[in-house]
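Some notes on the structure that comes next.
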Amino acid sequence: MKFSAVVLIVPEEQENSAVDIVKEAGATGVTLIRAKGLGLNERKTFLGLGLERKESVLLCVVEKNLSVRILKQIKKQLDLGISGAGIAFSVPLENLVGLRLAQLQIFKKEVEENL
């Protein structure tokens, strides 16, 4: 079985929707990381305080075929085409440790059902 890491960076207010989409599409778990985002323009300040946007980074490890389904659902349900709406991508994983047998069985079942 081959695996991919799916990474989704969205505005903090979209975090709950993004988690729901990822889990509905087949992810068995999601790691959330808080971040600040800067766009193409320089960082703006107000009285010395930065006005960076609060972002959420979602990370999940899934079977390779599920990563394609997750990205399709993200594209369909979140409008990532507009500026500042976020970005999503997957990265193939070569070596992986730490997945439980139960997670592997869920991935296998999901893939078999979709073939």
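The values are calculated or read from the model by the stated rules, or taken from the named source; none is laboratory data. Since the model is a prediction, treat every value here as computed from it, not as a measurement. Positions of Cβ are backbone-derived with ideal geometry, glycine not excepted, and every protein chain shown enters the neighbour counts.
Among the residues making up the stretch 83-101, those that are touching a residue at least 24 places away in the same chain (Cβ under 8 Å) and more than 13 Å from Ala27 (Cβ to Cβ) are Ser83, Gly84, Ala85, Gly86, Ile87, Phe89, Val91, Pro92, Leu93, Leu96.
Any residue in the stretch 98-106 that is in contact with a Phe, Trp or Tyr (Cβ under 7 Å, 6 or more places away or on another chain), assigned to a loop (DSSP other than H, G, I, E, B) and not acidic (Asp, Glu)?
Filtering the stretch 98-106 for residues in contact with a Phe, Trp or Tyr (Cβ under 7 Å, 6 or more places away or on another chain) gives none.
Within the stretch 98-106, none of the residues are in contact with a Phe, Trp or Tyr (Cβ under 7 Å, 6 or more places away or on another chain), assigned to a loop (DSSP other than H, G, I, E, B) and not acidic (Asp, Glu).
From the list Lys72, Lys64, the one residue that fits, being modelled with pLDDT of 80 or more and touching a Lys or Arg at 6+ places or on another chain (Cβ under 6 Å), is Lys64.
If you go through the stretch 9-41 and keep only what is closer than 17 Å to Leu71 by Cβ and in contact with a Ser or Thr (Cβ under 8 Å, 6 or more places away or on another chain), you end up with Ile9, Val10, Gln14, Ala18.
Name the single residue that is nearest to Ile74 (Cα to Cα) among those in the stretch 5-16 being more than 11 Å from the chain's Cα centre (by Cα) and touching a residue at least 60 places away in the same chain (Cβ under 8 Å). In this case the residue turns out to be Gln14. Any idea which residue in the stretch 1-28 is farthest from Ile87 (Cα to Cα), counting only those that are surrounded by fewer than 16 Cβ atoms within 10 Å (Cβ to Cβ) and modelled with pLDDT under 90? Top of the filtered list is Met1. Per the listing Gly48, Gly86, the residue uniquely more than 12 Å from the chain's Cα centre (by Cα) and modelled with pLDDT under 90 is Gly48.
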